[in-house]
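A.B. asks: Sharing a structure, written as structure tokens. Questions coming.
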Amino acid sequence: MESREFIINKKIMIKTYIPDLKECICDKKILLSRAKIPFSKQSQFLYMNQKINKIISESLNNIDPKIFYTNLDVKDIEIDIIPKSFNGIGLLTIFISTLGDIFDRYIDNLIFKEEYFEMFIADSWGSESLEKINKNFDKKLRDKYKNGTIRFSPGYKDIDITVNKIIINEIFKIKEIKVYDSGIMKPRKSTVCFIGWFI
Amino acid sequence: MKRKEFINLLNERILFIDGAYGTEFLKKGYKDKLIELLNITNPDIVESLQQQYVNAKVDILLTNTFSANLIKLKNYNLETEIERINLNAYKIARNAAGDKAFVFGDIGPTGSLMEPLGELPFDECYNCFYTQAKILIEAKVDGIILETFSEIKELKTAILAIRDISLDIPLIAQMTFTKEGISTTGSSLEIFTTLMNDLDVDVIGINCTLSSEEIFPLFLRLKKLSKKPISIEPNGGNPEIIGGKLTYKTTPVEFALYAKDFAENGANIIGGCCGIGPTHIKKMIDFVGMRKPTKIDYENRQYVSSRTIIKPLDPFLIIGEKINASANKKLQRLFINNEFDSLISLASKQKDEKADCLDINFGKEDKINEQVVKNTMLIFDKYNSLPLSLDIIDINLLEVALKHYPARPIINSSLAKKDDLEKHITLMKRYGGLLVVLIMEKEVNEDYQKKKKIVNKVLKICEENKIGEERIIFDPILLPLNSCFDYKNTLKVIEYLSNKKLYSIIGLSNLSYKIDEKEKINAAFLSLALDKGLSSVIVDTSSKITMDIIQGNLLLNNRSSFRDGIDFENPLLEILIKGDKDAALAFVDEKLKELNPIEFIENHLSKAMEKVGYLFSNGKIFLPHLIISSEIAQFILEYLKNKIDDKLDISKGKIILATVKDDIHDIGKNIIAAILKSNGFEVYDIGKNVSKEEILQKVYEIKPDIIGLSAMMTSTVSYIKDTFEFLKSNNIKIPIIAGGASMNKNLADQYGVLYAKDGIEAIKLCNEIIKKGNSYESYK
């Protein structure tokens, strides 16, 4: 994928936010739904609760959640990475959330031990935990900036997933996160999010 | 705080209660047995702990008064300090709480067993609770919590005492149970809950004995039956001595996770017991947060109970009639003379004859006194009787019976007149129970239309007095046939009651009083009545024909109990889906006494896994169950392989699995691997982000029968096509099955590969491929 030049006049300030453990906990119903048990059927399977709680507890011990974020004046960004639906914004927040490499190792260890049920639930939990982290951070930003767009990630609509590579490697320069040419990131539980603000 | 305010608050959000006291003081080195003494000797220690709970943001702080009752204090010669200990406790808690938390008076059990299990008489027990509660209520606690009761009668006594002091104090009633949901004195969670639904308490709950994970199944049972808000206070698990310190296993995070579960499944108040300290409570409040309670529907089913036995009214309740001293002076003398052996035998016999409940009638009540009634109740309780129907006319004697009855009886009966009804309703509200109402005001033999009016009048009175119609059992009255009684009228009334979904009852033997061919007449009428929807009967349970008619009618009309969820028709299926390794081993070992491993796999395991696949395909179970079943199946296969000397070759074929280049998603692939292995395939998982060249290399090495490729992303799915074409160009014709979130049948057809949307489809395809031979062309 060809590299792009960014006309950035000012120095980018990358900040880090470390979510509290409680910000990483998702609702059990959502987790089970992600694990393919429909809401309407979940009450029949509450006997799995003990196993699932054990996995959640271990997962919580195996995450290193972080958010890297920056706010960019739209004037300083080449419009190629801004979705069309963000038309009219003045400020763009880009944040990268991750559960860290430790979570990948935890999952890999479960695979190695052939604990597939635990792997499946932990993976589902990881996805929902990351989404919860994103939601909580989104809310913090909205409390601050008020009027904004929806939260958006590369790979949807008009922004290709490969934009992740530009964000991680060229704007944020985060060594902890590797991006493949396909745009997929490692650690596997990592996301890139944009929110635009009408200011 | 008034009750109404408390109830409103419970509807608005989940409330948090504090944690342990005893174990926390123990950690600080306070080893004396009576921690309530600290309220006098070291109030600062108490306040310091309570301050920590307040800082953790609890809504309800408890007074340090769990054992500060007369009976327990007497053991330490401290009964004269009862007022000081309880008052000080209140002051300390109020200081700590300020305006940040409510202060509830904590009252625990007396530590002694009530009659008949122990020696403690009702009056002494009542007085003990009355004394302590009065001090706390007059000190102006915001509410009272009854904690850790293990005897249902003692709890009932405490509730009576508290309500005799104040009708307006918020009241939480909690018992403690074993893992099986039975208290140490034999009462089940269901007996407790159904009685508490009747009694004048605001919240029903469980605390102590069990950790969060152990208490969770009981919580689910409680919420099914509780009409009222629910409280839950688990303890921290079994304590251990680690490094010389008493340690409880449950970590704050584990406790908080379960607290979330309680919150999401309908709890209204959550706190902790032994081993749960301020750190746990803080974490719990952090995780659960401010939230509205989850509304839950409870099963509005009616039960009668004794201390140890509970029977549903539905589909039908059989009440044994034999312990009836009316017109039986001999029987009455047994009551009066405390000669209970014969009465207990009679009770036992009726139980063997499949009675659900026993009617007790003392005969002419002017010959009976309160002591006789009390003794009867105690004896039947002591001998683990079936639930009782208290056939007592005198309202005072009835109250004595109810006072000493431990659980939920039938009160038999009231006339349909307002004053009589209201007297009985007062007793129902105070002591619990169901009420039989005779559909008569002045005349016994009213016509159908009049009886309908009476029924509706009764329902209106019950509504005015806040008694649900489900607690009323209507008796349309059977009279002897030879008294010109129109039995068809009674049948019409029974049908009317059934159509209105009201309970009904008849005393069957009345019909054939002083008539020959009793059994035949009774049986014939009963059959007709059952057909009209009769819901209970007082009957001679030794009459086989009568009992058979009941069972036959129930079977004929399919009036059997409702079951939901999965029907585990086969024990191995249940073991697989529930993921129970221990049970799996036990099952296998049992079967291997008759079968060899191959036979076991063919006759049991394969069939059970097929059934798992069927249930999954039909949406009865879901992906996590499929995965865990596969894990257990694999576990069984490994166990079987280790059990014999020769190599157990059960491989159906070899499969290579890989996630394609630039794709690191492998969860789905790993699940498929587990399912394939559990179904007898030899799986070689070569990992993720695998190039086509590496795949080719592995094909040469392993010589698989099938290749499985996974791609999660649209940006990587094209590598499946690349890999297929690359292998084809190298003359590899092994069938390729593709899967993953971005794959579908159309794309697979375009690429020239096969497609499986899930593990079950993958199994089917693999089996077909192996059956047809491993040439791709021959499969196509």
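A.B. asks: Please tell me if A:Ser40 is modelled with pLDDT of 95 or more and within 12 Å of chain B (Cβ to nearest Cβ). Spell out the reasoning first.
C.D. replies: Details: modelled with pLDDT of 95 or more: no; within 12 Å of chain B (Cβ to nearest Cβ): yes.
No.
A.B. asks: On to the next question. Being at pLDDT below 85, surrounded by fewer than 18 Cβ atoms within 10 Å (Cβ to Cβ), within 14 Å of chain A (Cβ to nearest Cβ) and within 28 Å of the chain's Cα centre (by Cα) is true for just one of B:Lys578, B:Lys620. Which residue is that?
C.D. replies: Working: B:Lys578 fails: surrounded by fewer than 18 Cβ atoms within 10 Å (Cβ to Cβ).
Answer to the check: B:Lys620.
A.B. asks: Mind checking which helices (runs of 4 or more DSSP H) fall wholly inside segment B:6-89 and carry at least 3 residues that are within 23 Å of B:Asn235 (Cα to Cα)? Break it down stepwise before answering.
C.D. replies: Working: elements: B:22-27, B:38-41, B:43-55, B:70-74.
Qualifying helices (runs of 4 or more DSSP H): B:22-27, B:43-55.
A.B. asks: Pairs under 8 Å by beta carbon, first residue within 23 Å of A:Ala122 (Cα to Cα) and without any contact (Cβ under 8 Å) to a residue 24 or more places away in the chain in segment B:606-628, partner aromatic (Phe, Trp, Tyr) and assigned to a helix (DSSP H, G or I), six or more apart or different chains?
C.D. replies: Close Cβ pairs (under 8 Å, with a partner that is aromatic (Phe, Trp, Tyr) and assigned to a helix (DSSP H, G or I)) amount to B:Phe622/A:Phe45; B:Phe622/B:Phe616; B:Pro624/A:Phe45; B:Pro624/A:Phe117; B:Pro624/A:Phe120.
A.B. asks: Hey, any hits in segment B:680-689 for a residue that's of a type in the set (A, V, I, L, M, F, W, C), part of a loop (DSSP other than H, G, I, E, B) and out of contact with any helix residue (DSSP H, G or I) (no Cβ under 7 Å at 6 or more places or on another chain)?
C.D. replies: Here is the first cut: in segment B:680-689, the residues of a type in the set (A, V, I, L, M, F, W, C) are B:681, B:683, B:686.
Narrowing the set further to residues that are part of a loop (DSSP other than H, G, I, E, B) leaves B:681, B:686.
Next, only the ones that are out of contact with any helix residue (DSSP H, G or I) (no Cβ under 7 Å at 6 or more places or on another chain) stay: none.
Scanning segment B:680-689, I find no residue that is of a type in the set (A, V, I, L, M, F, W, C), part of a loop (DSSP other than H, G, I, E, B) and out of contact with any helix residue (DSSP H, G or I) (no Cβ under 7 Å at 6 or more places or on another chain), so the answer is no.
A.B. asks: Residues in segment B:327-342 that are in contact with a Leu (Cβ under 8 Å, 6 or more places away or on another chain) and outside any helix (DSSP H, G or I): how many?
C.D. replies: 0
A.B. asks: Across segment B:721-740, what is the total count of residues that are among the hydroxyl-bearing types (Ser, Thr, Tyr) and either surrounded by 19 or more Cβ atoms within 10 Å (Cβ to Cβ) or under 21 Å from A:Ser182 (Cα atoms) (or both)? Even if it seems obvious, please write down each step before you answer.
C.D. replies: Within segment B:721-740, the first condition is being among the hydroxyl-bearing types (Ser, Thr, Tyr), and the residues that meet it are B:723, B:729.
Among the residues that remain, those that are also either surrounded by 19 or more Cβ atoms within 10 Å (Cβ to Cβ) or under 21 Å from A:Ser182 (Cα atoms) (or both) are: B:723.
Matching residues across segment B:721-740 total 1.
A.B. asks: Within segment A:99-147, work out how many residues are more than 14 Å from chain B (Cβ to nearest Cβ), crowded, with 21+ Cβ neighbours inside 10 Å and either outside any helix (DSSP H, G or I) or at pLDDT below 95 (or both).
C.D. replies: Total satisfying the criteria: 1.
A.B. asks: Consider segment A:148-169. How many of its residues are within 12 Å of chain B (Cβ to nearest Cβ) and either in contact with a Gly (Cβ under 8 Å, 6 or more places away or on another chain) or closer than 27 Å to A:Asn62 by Cα (or both)?
C.D. replies: So the first thing to find is which residues in segment A:148-169 are within 12 Å of chain B (Cβ to nearest Cβ), and the list is A:154-156, A:160-165.
Retained after the next criterion (residues that are either in contact with a Gly (Cβ under 8 Å, 6 or more places away or on another chain) or closer than 27 Å to A:Asn62 by Cα (or both)): A:154-155, A:160-165.
Adding up the residues that qualify gives 8.
A.B. asks: May I pose another question? Testing B:Asn731 on (1) away from every other protein chain (no Cβ under 14 Å); (2) among the polar types (S, T, N, Q); (3) in contact with a strand residue (DSSP E or B) (Cβ under 9 Å, 6 or more places away or on another chain); (4) part of a loop (DSSP other than H, G, I, E, B), one condition comes back false. Which one is that?
C.D. replies: Condition (3) is where B:Asn731 drops out.
A.B. asks: Something else: Can you find a residue that is in a strand (DSSP E or B) and either surrounded by fewer than 18 Cβ atoms within 10 Å (Cβ to Cβ) or modelled with pLDDT of 95 or more (or both) anywhere in segment B:196-204? It would help to see each step written out before you state the result.
C.D. replies: The initial filter retains those residues of segment B:196-204 that are in a strand (DSSP E or B), namely B:203-204.
Going one step further and asking which of them are either surrounded by fewer than 18 Cβ atoms within 10 Å (Cβ to Cβ) or modelled with pLDDT of 95 or more (or both), we end up with B:203-204.
Looking for residues that are in a strand (DSSP E or B) and either surrounded by fewer than 18 Cβ atoms within 10 Å (Cβ to Cβ) or modelled with pLDDT of 95 or more (or both), one finds at least one in segment B:196-204, hence yes.
A.B. asks: B:Ile636 - would you say it is more than 30 Å from the chain's Cα centre (by Cα) and of a type in the set (Val, Ile, Thr)?
C.D. replies: Details: more than 30 Å from the chain's Cα centre (by Cα): yes; of a type in the set (Val, Ile, Thr): yes.
Taking the combined requirement at face value, the residue satisfies it.
A.B. asks: Can you pull out every residue in segment B:659-670 that is facing another protein chain (nearest Cβ under 8 Å) and in contact (Cβ under 8 Å) with a residue 40 or more places away in the chain?
C.D. replies: Filtering segment B:659-670 down to residues facing another protein chain (nearest Cβ under 8 Å) leaves B:662-667, B:670.
Scanning segment B:659-670 gives B:Asp662, B:Asp663, B:His665, B:Asp666.
For (1) free of Cβ contacts under 8 Å to residues at least 12 places away in the same chain; (2) closer than 28 Å to A:Pro187 by Cα, each residue gets a yes or a no:
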| site | (1), (2) |
| --- | --- |
| A:Ile37 | yes, yes |
| A:Lys41 | yes, no |
| A:Tyr47 | yes, no |
| A:Pro65 | no, yes |
| A:Asp76 | no, no |
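A.B. asks: Mind checking which residues of segment B:477-489 are in a loop (DSSP other than H, G, I, E, B) and over 25 Å from B:Glu399 (Cα atoms)?
C.D. replies: Going residue by residue through segment B:477-489, those that are in a loop (DSSP other than H, G, I, E, B) are B:477-480, B:484-486.
Across segment B:477-489, the qualifying residues are B:Leu478, B:Leu479, B:Pro480, B:Cys484, B:Phe485, B:Asp486.
A.B. asks: Need the failing condition index for B:Lys224 against (1) within 12 Å of chain A (Cβ to nearest Cβ); (2) buried (at least 22 other Cβ atoms within 10 Å of the Cβ); (3) touching a residue at least 40 places away in the same chain (Cβ under 8 Å), just the number.
C.D. replies: (2)
A.B. asks: Restricting the search to segment B:133-172, which residues are among the acidic types (Asp, Glu) and either touching a Cys at 6+ places or on another chain (Cβ under 9 Å) or buried (at least 24 other Cβ atoms within 10 Å of the Cβ) (or both)? Give the steps one after another, and end with the answer.
C.D. replies: Restricting attention to segment B:133-172, the residues satisfying the condition of being among the acidic types (Asp, Glu) are B:138, B:142, B:147, B:151, B:154, B:164, B:168.
If the condition is that a residue be among the acidic types (Asp, Glu) and either touching a Cys at 6+ places or on another chain (Cβ under 9 Å) or buried (at least 24 other Cβ atoms within 10 Å of the Cβ) (or both), then B:Glu147, B:Glu151, B:Glu154 are the ones that fit.
Let's see how each residue does on (1) more than 22 Å from B:Cys208 (Cα to Cα); (2) modelled with pLDDT of 95 or more; (3) among the acidic types (Asp, Glu):
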| position | (1), (2), (3) |
| --- | --- |
| B:Glu24 | no, no, yes |
| B:Lys27 | no, no, no |
| B:Asn42 | yes, no, no |
| B:Ser48 | yes, yes, no |
| B:Ala56 | no, yes, no |
| B:Leu61 | no, yes, no |
| B:Lys74 | yes, no, no |
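A.B. asks: Is one or more of the residues making up segment B:236-253 surrounded by fewer than 24 Cβ atoms within 10 Å (Cβ to Cβ), among the aliphatic types (A, V, I, L, M) and within 14 Å of the chain's Cα centre (by Cα)?
C.D. replies: First, pick out the residues of segment B:236-253 that are surrounded by fewer than 24 Cβ atoms within 10 Å (Cβ to Cβ): B:237-253.
With the extra rule that they be among the aliphatic types (A, V, I, L, M), the set shrinks to B:241-242, B:246, B:253.
With the extra rule that they be within 14 Å of the chain's Cα centre (by Cα), the set shrinks to none.
No, segment B:236-253 has no match at all.
A.B. asks: Name every residue in segment B:131-145 that is without any contact (Cβ under 8 Å) to a residue 40 or more places away in the chain and within 34 Å of the chain's Cα centre (by Cα), in order of residue number.
C.D. replies: Passing the criteria: B:Ala133, B:Lys134, B:Ile137.
A.B. asks: Are there any pairs with C-beta distances below 7 angstrom linking a residue in segment B:240-266 that is within 11 Å of chain A (Cβ to nearest Cβ) and modelled with pLDDT of 85 or more to a residue that is surrounded by fewer than 17 Cβ atoms within 10 Å (Cβ to Cβ) and part of a loop (DSSP other than H, G, I, E, B), with the two at least 6 apart or on different chains, and if so which?
C.D. replies: B:Ala263/B:Arg291; B:Glu264/A:Asp27; B:Glu264/B:Thr294; B:Asn265/B:Thr294; B:Gly266/B:Thr294; B:Gly266/B:Ile296
A.B. asks: Could I ask something else about it? Determine whether B:Lys688 is under 47 Å from the mean Cα position of the chain (by Cα) and farther than 26 Å from A:Ile107 by Cβ. Reasoning before the result, please.
C.D. replies: Numbers: under 47 Å from the mean Cα position of the chain (by Cα): yes; farther than 26 Å from A:Ile107 by Cβ: no.
Criteria not met by B:Lys688.
A.B. asks: Further, regarding this structure: When you check B:Lys283 against the structure, is it of a type in the set (Lys, Arg), buried (at least 21 other Cβ atoms within 10 Å of the Cβ) and more than 19 Å from B:Leu222 (Cα to Cα), yes or no?
C.D. replies: Numbers: of a type in the set (Lys, Arg): yes; buried (at least 21 other Cβ atoms within 10 Å of the Cβ): yes; more than 19 Å from B:Leu222 (Cα to Cα): yes.
It is true that B:Lys283 is of a type in the set (Lys, Arg), buried (at least 21 other Cβ atoms within 10 Å of the Cβ) and more than 19 Å from B:Leu222 (Cα to Cα).
A.B. asks: Name the residues in segment B:375-398 that are closer than 21 Å to B:Thr426 by Cβ and crowded, with 18+ Cβ neighbours inside 10 Å, would you?
C.D. replies: Filtering segment B:375-398 for residues closer than 21 Å to B:Thr426 by Cβ gives B:377, B:388-398.
Once the filter is applied, which keeps residues that are closer than 21 Å to B:Thr426 by Cβ and crowded, with 18+ Cβ neighbours inside 10 Å, segment B:375-398 yields B:Met377, B:Leu388, B:Ser389, B:Leu390, B:Asp391, B:Ile392, B:Leu397, B:Leu398.
A.B. asks: While we're on this one: Among the residues in segment A:152-171, are any without any contact (Cβ under 8 Å) to a residue 12 or more places away in the chain and either assigned to a helix (DSSP H, G or I) or on the phi > 0 side of the Ramachandran plot (or both)?
C.D. replies: The answer is yes; a qualifying residue exists.
A.B. asks: Out of the residues in segment B:671-720 that are among the polar types (S, T, N, Q) and surrounded by 23 or more Cβ atoms within 10 Å (Cβ to Cβ), which is nearest to the other protein chains (Cβ to nearest Cβ)?
C.D. replies: Going residue by residue through segment B:671-720, those that are among the polar types (S, T, N, Q) are B:678-679, B:689, B:691, B:697, B:710, B:714-716, B:718.
Then keep just the ones that are surrounded by 23 or more Cβ atoms within 10 Å (Cβ to Cβ); that gives B:678-679, B:710, B:716.
Working: B:Ser678: 10, B:Asn679: 14, B:Ser710: 13, B:Thr716: 5 Å.
Ranking the qualifying residues of segment B:671-720, first place goes to B:Thr716.
The values are calculated or read from the model by the stated rules, or taken from the named source; none is laboratory data. On a predicted model such as this, the values are computed, not experimentally measured, just so you know. Here Cβ is always computed from backbone atoms with ideal geometry, including for glycine, and neighbour counts include all displayed protein chains.
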